[in-house]
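> Supplied in C-alpha cells, the structure appears directly below.
The values are calculated or read from the model by the stated rules, or taken from the named source; none is laboratory data. Values in this document were obtained by computation on a predicted structure and should not be read as measured data. For neighbour counting, all protein chains shown are included, and Cβ atoms are generated from backbone atoms with ideal geometry for every residue, glycine included. Ligands, DNA and RNA are stripped out before the accessible areas are found, and what is left, the full protein with its side chains, is counted by its heavy atoms. Shrake-Rupley method; radii C 1.70, N 1.55, O 1.52, S 1.80 Å.
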Amino acid sequence: MNKAVSKEEVVSAIKTCAENLGRAPSLTELRLATKVHERDVRKHFLTYKLALAECGMSKEGPGYKVPVENLFQDWAELARKLKKVPNITEYDMYSKYSHRPLVSRFGNWRQAQIGLLTMAEENGWDVQWKEQVDVLREHIGNHIAPTWTSKRKYASLSELGIFTDRPIYGPPVVQLPLAHGPVNEMGVVFLFGALAEKLGFIVTRIQPEFPDGEAMWEIQPGIWQRVRIEFEYESKNFVKHMHKAENCDVLVCWVHNWPECPLRVVELNKELSLKAAAMRPKVFGA
C-alpha cells in the first residue's frame, strides 16, 4: 500500500519539478518525476490548477489558456530586451510562450500586435510599459496597413468589431433579408419584419401573448386600417394552438395549408416567389 502524501510534500514536489524543468510541470510530468499521484492532488487541492496556484505558478501550454496580461507582460519584457518589436521568429525563440496563444486570440501575428496594443490601452498597461507601447504604436503605424479613423491612423480589432475566431465574407451580391426560408415561427416573424414595408404594413406592436402583434395595413392606396396579426410557420398551426379567429385579423405564415382559414392570410413563401419572378430577367426569342 502506498504511503500517504501530505499537502506539504505535494507542494515541495511541484516546486522541485518546476526547478528541474524550468517551468510549471504538467500533472503527467509531476507523476512521472515524483511519488505524487493525481489522487494526492485531488485530496489536498481538488484540482491541479489550485495546487499550482498554491505554489505561486500557473501551467502554460496545450490545454491551458494563458491570461492575456501574462502574454502582454512577457511580450513587453522581450521588447525591452530586444529594444524593438519582436517578430514572430524572435518571439518563438526568446519568449516563454509560443506565438500560438496570441494568434489563437487575435487571428494572425499582425492582428496580435494590434490586439496587444489595444489590451495595453484598455487596461492601463501602457503606463508601466510606456516605452514598449510607444514602440509598438509606431511599429503598427509604419508596418501594418492602417484603417482610417478620425482619431488615429489605425483601428484596433475591438474598434472594428471583428470576431477573430471565425471567417470573414465579402458583401452580399443579392439583396435578401434572410438567406434561407424559415423553419419555425421565429423565422416567420423576422422575415415579415424585413418585408413588412414592401407588403404594405407598418408594425406598431409585437407582444408575447395572442395575437402576436398589430400593424397598420394599407388596404387600398391611401387607406390604412389597424389589424391584429398572428404569426405561424404553417397556417394550420393556428388551429393547433387553439387561437380564436374572432380575436385576430391577419395570419402571417410561411406555408398556407389551412384552406378553411377565415382570416386574411399573408403567405410569405408565395410573396417571395412572386417577388423573385418579377425580378427574373425576361428571355426574348425563346
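> Inside segment 74-103, can you point out the residues that are in contact (Cβ under 8 Å) with a residue 24 or more places away in the chain and farther than 13 Å from residue 135 by Cα?
96, 97, 101, 102, listed by residue number.
> Considering segment 101-125 alone, what residues qualify as being more than 14 Å from residue 74 (Cα to Cα) and not hydrophobic (A, V, I, L, M, F, W, C)? Give the derivation first.
First, pick out the residues of segment 101-125 that are more than 14 Å from residue 74 (Cα to Cα): 103-111, 114-115, 118, 121-124.
Answer for segment 101-125, where residues must be more than 14 Å from residue 74 (Cα to Cα) and not hydrophobic (A, V, I, L, M, F, W, C): 104, 105, 107, 108, 110, 111, 115, 118, 121, 122, 123, 124.
> Give 205, 264, 226 a once-over and let me know the one that is in contact with a strand residue (DSSP E or B) (Cβ under 9 Å, 6 or more places away or on another chain), loosely packed, with under 14 Cβ neighbours inside 10 Å and more than 23 Å from residue 178 (Cα to Cα).
Working: 205 fails: more than 23 Å from residue 178 (Cα to Cα); 264 fails: loosely packed, with under 14 Cβ neighbours inside 10 Å.
Exactly one of 205, 264, 226 is in contact with a strand residue (DSSP E or B) (Cβ under 9 Å, 6 or more places away or on another chain), loosely packed, with under 14 Cβ neighbours inside 10 Å and more than 23 Å from residue 178 (Cα to Cα), namely 226.
> Please indicate, with yes or no, whether at least one residue in segment 225-233 is under 35 Å from the mean Cα position of the chain (by Cα) and free of Cβ contacts under 8 Å to residues at least 40 places away in the same chain.
Yes: segment 225-233 contains one or more residues that are under 35 Å from the mean Cα position of the chain (by Cα) and free of Cβ contacts under 8 Å to residues at least 40 places away in the same chain.
> Residues being in a strand (DSSP E or B) and within 19 Å of residue 206 (Cα to Cα): count how many of those fall in segment 235-262. Outline the logic, then answer.
First, the residues of segment 235-262 that are in a strand (DSSP E or B): 250-255.
Applying the additional criterion that residues be within 19 Å of residue 206 (Cα to Cα) yields 250-254.
Looking only at that region, the number is 5.
> Could you check how many residues of segment 1-42 are in contact with a Leu (Cβ under 9 Å, 6 or more places away or on another chain), more than 28 Å from residue 94 (Cα to Cα) and among the charged types (D, E, K, R)?
Here the count works out to 1.
> Residue 250 - would you say it is open to solvent by less than 50 Å² (accessible area, probe 1.4 Å) and in contact with a Leu (Cβ under 8 Å, 6 or more places away or on another chain)? Let's see the steps before the verdict.
Working: open to solvent by less than 50 Å² (accessible area, probe 1.4 Å): yes; in contact with a Leu (Cβ under 8 Å, 6 or more places away or on another chain): yes.
Yes; evaluated as a whole, the condition is true for this residue.
> If a residue must be assigned to a loop (DSSP other than H, G, I, E, B) and buried (at least 18 other Cβ atoms within 10 Å of the Cβ), how many such residues does segment 27-53 contain? Let's see the steps before the verdict.
Our first condition is that a residue be assigned to a loop (DSSP other than H, G, I, E, B); within segment 27-53, this holds for 34-37, 46-47.
Next, only the ones that are buried (at least 18 other Cβ atoms within 10 Å of the Cβ) stay: 34, 36.
Of the residues in that region, 2 qualify.
> Condition first: of a type outside the set (Val, Ile, Thr), open to solvent by less than 40 Å² (accessible area, probe 1.4 Å) and assigned to a helix (DSSP H, G or I). Now tell me which residues in segment 91-118 satisfy that.
If the condition is that a residue be of a type outside the set (Val, Ile, Thr), open to solvent by less than 40 Å² (accessible area, probe 1.4 Å) and assigned to a helix (DSSP H, G or I), then 91, 101, 102, 106, 109, 112, 113, 115, 116, 117 are the ones that fit.
> I'm told residue 61 meets every condition in (1) of a type outside the set (D, E, K, R); (2) at pLDDT 80 or above; (3) open to solvent by less than 50 Å² (accessible area, probe 1.4 Å) except one. Can you identify the failing condition by its number?
All conditions are met except number (2).
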